[in-house]
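First the structure, in the form of structure tokens, and then the observations on it.
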Amino acid sequence: MNDIELWKLVLKGDSSALSMLYCRYYELMLNFGLKYSPDVDLVKDCIQDVFVKICSSRRLSDLSYVKSYLLASMRNVLIDRMSALKAEENIEEYGFCLDVDDTALERLFRHDDDKLRLSRRLLYAYRMLPKNQREVLYLRYVKGLSHKEVAAVLEINPQSSMNQVYRALERLRAMLGADFTKCIALFFLQGSEVLNGCM
């Protein structure tokens, strides 16, 4: 069953359909949440909160993008919880962060120093982008969401998603210079596998 069919069953009170969506998207929600907070238990609690709220809500409606709805809901719950923690414990606010350690890159490119250098340059440049551009690139190219789905997750319009991707790629082009094309080609050929595998 596709997401829309499962969601229609959820609207009718079918808990097994909700369980199927939970199993289908738990890992994606966990990985996405860990980009905002390294606290695995906090992220897991937020995922549980999302599904408990769905289960107990009386105001659910039809959706076009179930995956995006789940990611946006989890992101909102997580940001609310982190804001409350920050106020209570005076902790630093976490931003969106794609954390790939050097060993994953060394493993992937152990026989090619040039590709290792390019991948390190790309990740460094990516980390220098503003948070909103890092989020959009991650959702669009690492997780493969459409611009409409990205827009739903980040609560922006699809044109803003396209604009942010364009601006992010232009910034990467400026930072990487002559290596831009090689870095992007390397990412699409092999790098996204690493990011999906370890993220």
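Laid out as a table, the results:
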{"item": "Inter-probe distance in nm under a simple model that places probes 7 Å from Cα toward Cβ, at ARG173 and ASP49", "result": "4.1 nm"}
{"item": "Peptides ranked, highest mean first, by Cβ atoms within 10 Å: ranges 46-57, 150-161", "result": "150-161, 46-57"}
{"item": "Distance in nm between pseudo-label sites at SER56 and VAL40 (7 Å out along the Cβ direction from Cα)", "result": "2.7 nm"}
{"item": "Debye, to nearest 20: dipole size of segment 1-63, +1 on Lys, Arg Cβ, -1 on Asp, Glu Cβ", "result": "240 debye"}
{"item": "Calculated diffusion of segment 3-89, Stokes-Einstein form, Kirkwood radius summed over Cα pairs, 20 °C and 1.002 mPa s, µm²/s", "result": "161 µm²/s"}
{"item": "Partner lysines for LYS67 [C-alpha distance under 30 Å; skip if fewer than 8 residues away on the same chain]", "result": "LYS8, LYS12, LYS35, LYS44, LYS53, LYS86, LYS131, LYS143, LYS148"}
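Every number here is computed from the coordinates shown, using simple stated rules; none is lab data. In this text the structure is predicted, and so the values were computed from the model without any measurement. Every residue, glycine as well, gets a Cβ built from its backbone with ideal geometry; the counts of neighbours run over all protein chains shown.
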